[in-house]
1. Which numbered condition in (1) more than 15 Å from residue 341 (Cα to Cα); (2) surrounded by fewer than 19 Cβ atoms within 10 Å (Cβ to Cβ) is the only one that residue 242 fails?
2. Run residue 506 past the list (1) over 26 Å from residue 722 (Cα atoms); (2) within 25 Å of the chain's Cα centre (by Cα) and report the number of the one that doesn't hold.
3. Does segment 244-258 contain at least one residue that is without any contact (Cβ under 8 Å) to a residue 12 or more places away in the chain and part of a loop (DSSP other than H, G, I, E, B)?
4. Somewhere in segment 734-741, is a residue within 15 Å of the ligand (Cβ to nearest atom) and either without any contact (Cβ under 8 Å) to a residue 12 or more places away in the chain or at positive phi (or both)?
5. Sort out which residues of segment 400-431 are on the phi < 0 side of the Ramachandran plot, of a type outside the set (A, V, I, L, M, F, W, C) and away from the ligand (no atom under 16 Å from the Cβ), and write them in order of number.
6. Being modelled with pLDDT of 95 or more and assigned to a loop (DSSP other than H, G, I, E, B) is the requirement here; does residue 572 meet it?
Amino acid sequence: MVEYRPQSSHWGVFRAAARSGGVDVLPDPHDPEPSALLRNIPAAVRPDARVTVPHVRRRWLERGPGADDARGADEHVPVSWERALDLVAGELDRVRREHGNRAIYGGSYGWASAGRFHHAQSQVHRFLNCVGGYTRSVNTYSLGASPVVLRHVLGDDSAIYSPTTLGVLAEHTELFVCFGGIPLKNAQVSSGGISRHETGGLLRAARSRGARFVLVGPLRDDVEAELGARWLAPVPGTDTALMLALAHVLLDEGLHDEEFLRRYCVGADVFADYVLGRSDGVAKDPAWAERICQVPAAEIAGLAREMARSRALISLSWSLQRAPRGEQPIWAGVALACLLGQIGLPGGGFGHGYGAMGGIGTGVLPYPVPTLPQGANPVPDFIPVARVADMLLHPGEEFDYDGQRLTYPDVRLVYWSGGNPFHHHQDLTRLRRAFARAETVVVHDPFWTATTRHADVVLPATTALERDDIGAARLDPALVAMHRVVEPVGQARDDYRMFTGLAERLGVAAEFTEGRDERAWLEHLYETWRAALDPRHRPEADFARFWRDGRLDLPDRVTEHVVYADFRADPDAHPLGTPSGRIELHSGTVASFGYPDCPGHPVWLPPEDGPEPLHLVANNPATRLHSQLDHGDRSAESKVRGREPVRINPVDAAARGIRDGDVVRLRNARGSCLAGARISDAVRPGVVQLATGAWFDPSAPDVATCVHGNPNVLTTDTGTSRLAQGCTGQLARVELERHTGPVPPVRAHDGDPALG
Ligand code: PGD
């Protein structure tokens, strides 16, 4: 009999059974809207794109560690596990002795797989802490600018992870103004796992009750059609100007809430002086904004008035801040909500990230979930996560971050497990130069991604289907007993086993393992978690029963929550964590840093654009999570002649003689890529949209930097500003043309370790 076992992924809980040469996957019956991304999962255990045995790059093996331009183009040779682990342990030891632990970069950003014990980042950080520490990274590629700026404006980032819940919005909000949309394609996914996809249903409930939706953004389908949104399509990257003009109308027409500004905010006068043009002579009125955003002034004024007479929710997507000067639209959005005076009321105020992940706004557990302890890192050095290429290229140079003047460490060894920087980072040509500078690059991954192909030592990791684990996330109400479904593919090992082998060689095995194997750790994590819970929330099931049942429904998830309700009720008893205890529309702290690219209040800062005529929106994909399982069925069926689809408005396509299904070339000063044209009026004229996640394929550099369609060959590797130094990958300027020459094959999924 076929046995289906419980499993979990970042895009859904499911059941899976081994069948000859693969797995069968069934969605979880409790999930009201299971994600079609589950169809990618069988590709996880197909051996074609897998790394099946440890590999070492030939020149590194022959010449030893050192900077090398051949990294990424050189071939890899298979070695035994014993040899691979000896080499990595020896190299870690050499680097820490000769250069100190700060010369090891272990930031190792990436989503890896669901599962709390085999969580790749926890494993790598725990291990590196046991061997003396590492240079770490702060913030994420998802959220670079906003956590930093929101700490100054609101005192913490609770607005991100504990926003007013969608259930409350469904009942109370009259008008949703969605900057960057609430894209359900992203709500398929939630970090750590998602047992119920609820975002779409809750938004539809709001619509059925009569709520109106306005989408502000370049892509019409960033709010689903059923919600009937009115579409305002500003030039990408100009939302701040539009928000300032909305603020201008409110202030100019006396529609703002004076009492709210007085009682709950500081700096409203400075902000108002700027908006009205009293401080710089430029009124940020709708006519001014129309010249920047290309949204008619009358529509802007009409929207401001509609917001003032409605219970209005300002929804700010995460994508807004993943762009140059990304701090500004978030701060301006909060300022706009302050002028409306509805923060802390059910259905009003603002939210940041509805639809960015499926769990955002659906509910939060009032207690933690089990996690693997990572230990302490004695190395003080860190970088904002998206400054990794700067760090490798400019050791010893100073840089700004959030009021501090920091120095890039001289990194010799890069250790990556559970991430794909050749997917997630910007300007991949520059990243290749940066990786060439390292003396050694070690990567654990199940697949021959572009990152493993740039490694000196490649250690083959299992996927979640090949090991036991516990699936859990703070935003989700299910704890899942993830049961191994198939044996490891080839000689793949889980990260824990690899690090145990290294820890033994480096004399820290007792510290790293605490004497436990995988099963003992799972039981330990579960039982210590259960014991530490407040008895009100503590589940009855012991580990054995949880494991047998396959799932535990966690009690007391908070699904009715209004963020800042306490603060609104009594700002003296519940002050914010800002210096003033109030919402800072002008921050004396930020102003004191003296950053022209992020002054002390929200401002419009014109982008420093390239000369290319089209705006590229490089957003998160609808058919996979980031770059994961790009070779899976759901992702593969969306490709156009094997390339990632690029959507282009009919007007721009006609001007370039492009037909649906053509292979096209996108280019700018940083690079070029091939993609497959999809002509669609769901993208604004002047905009093209190419999702991230097609595996980087530089195998035909005379044709394009990437022949598959990875937009990060086109994006810019600069920080949002000196304040947060966040990733700016969402937007770039490009030209697009029909590709007329021979079309080279896509080799990214071939599993061939030697790239172009
Ligand atoms: P993933 O594709 O999820 O991308 O970047 P991230 O690096 O997280 O990579 C995870 C890797 O982990 C995969 O290669 C997978 O095979 C591997 N893996 C899975 N399970 C395991 C495991 O158990 N062990 C090990 N060792 N490896 C494992 C995502 C990042 O991209 C994010 S979060 C965002 S929001 C950014 N978005 C954009 C954007 O909007 N625009 C652009 N241009 N660029 C972006 N990049 C960012």
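1. Among (1) more than 15 Å from residue 341 (Cα to Cα); (2) surrounded by fewer than 19 Cβ atoms within 10 Å (Cβ to Cβ), the lone unmet condition for residue 242 is (2).
2. Condition not satisfied by residue 506: (2).
3. Taking every residue of segment 244-258 in turn, at least one turns out to be without any contact (Cβ under 8 Å) to a residue 12 or more places away in the chain and part of a loop (DSSP other than H, G, I, E, B).
4. The answer is no, given that none of the residues of segment 734-741 is within 15 Å of the ligand (Cβ to nearest atom) and either without any contact (Cβ under 8 Å) to a residue 12 or more places away in the chain or at positive phi (or both).
5. Those that are on the phi < 0 side of the Ramachandran plot, of a type outside the set (A, V, I, L, M, F, W, C) and away from the ligand (no atom under 16 Å from the Cβ): 400, 401, 404, 405, 407, 408, 409, 410, 412.
6. yes
Yes/no per residue for (1) over 16 Å from residue 372 (Cβ atoms); (2) away from the ligand (no atom under 16 Å from the Cβ); (3) in contact with a Cys (Cβ under 6 Å, 6 or more places away or on another chain):
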position	(1), (2), (3)
489	yes, no, no
494	no, no, no
498	no, no, no
513	no, yes, no
533	yes, yes, no
538	yes, yes, no
542	yes, yes, no
549	yes, yes, no
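Residues checked against (1) farther than 23 Å from residue 4 by Cβ; (2) of a type in the set (Asp, Glu); (3) touching a residue at least 40 places away in the same chain (Cβ under 8 Å):
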site	(1), (2), (3)
409	yes, no, yes
418	yes, no, yes
439	yes, yes, yes
455	yes, no, yes
464	no, no, yes
511	yes, yes, yes
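The values are calculated or read from the model by the stated rules, or taken from the named source; none is laboratory data. Since the structure is predicted, the reported quantities are computational estimates derived from the model, not experimental observations. Heads up, the Cβs are rebuilt from the backbone with ideal geometry, glycines too, and the neighbour counts pull from every protein chain shown.
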